[in-house]
Every structure is written in structure tokens, then in C-alpha cells.
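What follows is calculated from the coordinates using simple rules that are stated; it is not laboratory data. Here the structure is a predicted model, which means the values were calculated and not measured. Note that we place each Cβ from the backbone using ideal geometry, even for glycine, and neighbour counts take in every protein chain shown.
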Amino acid sequence: MDQKFAKAKERMLRWDLRGRGITDPRVLAVMADVPREEFIPTSYRSQAYNDGPLPIGLNQTISQPYIVALMTQELRIDPDCEVLEIGTGSGYQTAVLSKLAKKVHTVERFSDLTESARKVLDRLGFGNIEYYVGDGSCGWPAKRLPPSGCFDRIMITAALPEIPEPVLKQLAGDGLIIAPIGGAGVQELVVCEKKANRLMERAICDVRFVKLVGEYGFDQ
């Protein structure tokens, strides 16, 4: 790794992650391992480890490192988890999830983003990822669900007015789902745990995500 990136990453880990309450050693290890600069357009690569979002084209962004780590930590992923990610984007969050889970199923409505993310992830050696281009608000295609028919963890990386019912139906019992819920401006990051087919909801903090456009999301 370029020495400049190495120093910036160490600063990120110390101040932006540990300094703001990211304590899970597995999450910290993955954030230290995944090269964020590889998922960022060349013109913004010098800002790879700044704690802020960056544009990746098509009016989409790569989330700030703290939010990536926070959402990952809140999902409490273990090596046996089948994970659904709605919003592949740059593929950076996908990479983080991939290193913690058994398998990641990631859906993105922009085929160009899926293609570019997949190229980077393949080049970096990530193999436990399945991709789908389509409307993420409808969940994962029924014909391609894991053997259990559902997901242990679900992460939605774009704003929604509410968690779509088709997505909730794909969450396993005792599963966890995290999503930014609210309007097109500011949302509330919410984590929900499924217990006896009921959702136990907990708000974490205010966030700003791009909108999830789709049948159960926002209009264009």
C-alpha cells in the first residue's frame, strides 16, 4: 500500500472508528484490511480515508468509513450468515460484508455500478458474492434465494420511506436488518431484530443517504 494511504487509514481507524465507538475487533480488522481507495474514482482517490462520502457516478456515493463500520457492527455478522445487501454501489461495503459473512447477495439497479464493483471485487479476490441487477426494494429474486429461503442479515444502503414488506419477508427469524428510514433529505438509521415474527426496532443516529428508487422505494 502507498505510504500516504497507510497513514490515512491508520488515522481513520484511530480517530474516525475507534474514537467514535467502533469496538468490534472483527469489524476493525476488516476496515483495516479492505483498500477503500480501490473503490473510488481516480479523481477522488486522495480522499479515500477521509471520513465523508464521495461521488462514484450516476448521482450515487460511497458512504463515509464511520457509517460503513457502524452499520456493519450493528448487524453482528458471523461466519455462518447469509447476507443481503441492497445497494451495491461502489462495492466497498460489499467487500466489508464479504469478509465477515458466509456469503453476500448484493443487488443494484444500475448495471454500470454492478459491473465496475464486480471488476474490483474479482480483482481483489472476493469470491463469496452473488450479484443481481434490479429493483432492490423488491428484495432478492425468489428463484435465487439461499437454501433456507431467507437471509440472516439484511443491509439497505439507500434511503427508504419505510422498510419494504418484500424485504422483511426475506429476513430470517432472529435476523437483523439495518436501513436509513425517512425522507429524501435526512433519515434515521434504524436496526430491527426479528423476534417471533415481530420487529424490535432501535434508532441509532441521523444519516444522509441517496434515495432508493423502486416499486417500494422513492419515485424517480
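What value, in deg cm²/dmol to 500, does the helix sum -39500 (n - 2.57) over DSSP H runs of n ≥ 4 give at 222 nm once divided by the residues of the chain?
Working: 6 runs with 55 residues, N = 220.
Computed ellipticity for the chain at 222 nm equals -7000 deg cm²/dmol.
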Quick one: among Pro166, Pro65, Pro25, which has the greatest mean-square fluctuation in a GNM of the chain with alpha-carbon springs under 10 angstrom?
-> Pro25
With a point put 7 Å past each Cα toward its Cβ, work out how far Arg144 is from Phe5 in nm, to one decimal.
-> 2.9
Surrounding charge for Ile177, neighbours by C-beta under 15 angstrom, Lys/Arg +1, Asp/Glu -1, total -3
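With both partners inside the range 33-120, how many of the DSSP beta bridges are antiparallel, as a percent to the nearest 5? Display every interim value, and only then the final one.
Numbers: 3 of 8 bridges.
For the range 33-120, the DSSP antiparallel bridge percentage is about 40.
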What value does the range 67-207 have for Rg/Rh, both radii from Cα atoms and Rh as Kirkwood defines it?
-> 0.93
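Over the chain, calculate the relative contact order: mean separation of alpha carbon pairs under 8 Å at least 6 apart, over the residue count, as a percent. Walk me through the numbers on the way to the answer.
Details: 431 pairs, mean separation 32.4, N = 220.
15 percent.
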Can you sort Ser148, Ser116, Ser46 so the residue with the fewest Cβ neighbours within 10 Å comes first?
-> Ser148, Ser46, Ser116
Assertion target for Trp140, Trp15, ordered by fewest C-beta neighbours within 10 angstrom first, is Trp15, Trp140
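Between Gln220 and Lys119, what FRET efficiency comes out of the Förster formula 1/(1 + (r/R0)^6) with R0 = 30 Å and r the beta carbon distance, rounded to 0.05?
Working: r = 27 Å, r/R0 = 0.91.
It comes to 0.65.
Set the Förster radius R0 to 35 Å, insert the Cβ-Cβ distance between Glu130 and Glu188 as r into 1/(1 + (r/R0)^6), and round the FRET efficiency to 0.05. Intermediate results must be reported in sequence, preceding the final value.
Details: r = 30 Å, r/R0 = 0.84.
After rounding, the FRET efficiency stands at 0.75.
What pairs from Lys102/Lys194; Lys7/Lys195; Lys99/Lys211; Lys9/Lys194; Lys119/Lys194; Lys99/Lys195 go past 32 Å between their alpha carbons?
Details: Lys102/Lys194 20 Å; Lys7/Lys195 43 Å; Lys99/Lys211 26 Å; Lys9/Lys194 35 Å; Lys119/Lys194 34 Å; Lys99/Lys195 26 Å.
Violating the 32 Å Cα-Cα cut-off are Lys7/Lys195; Lys9/Lys194; Lys119/Lys194.
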Taking the Cα centre of the range 63-220 as origin, sum charge times position over the Cβ atoms of Lys and Arg (+1) and Asp and Glu (-1), and report the length of that vector in debye to the nearest 20.
-> 300
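Could you tell me the calculated FRET efficiency between Thr42 and Ser111, based on Cβ-Cβ distance and R0 = 30 angstrom, to the nearest 0.05?
Working: r = 21 Å, r/R0 = 0.71.
Given R0 = 30 Å and the Cβ-Cβ separation, E is 0.90.
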Pull up the DSSP beta bridges for the range 67-207 and report the antiparallel fraction as a percent, rounded to 5.
-> 45
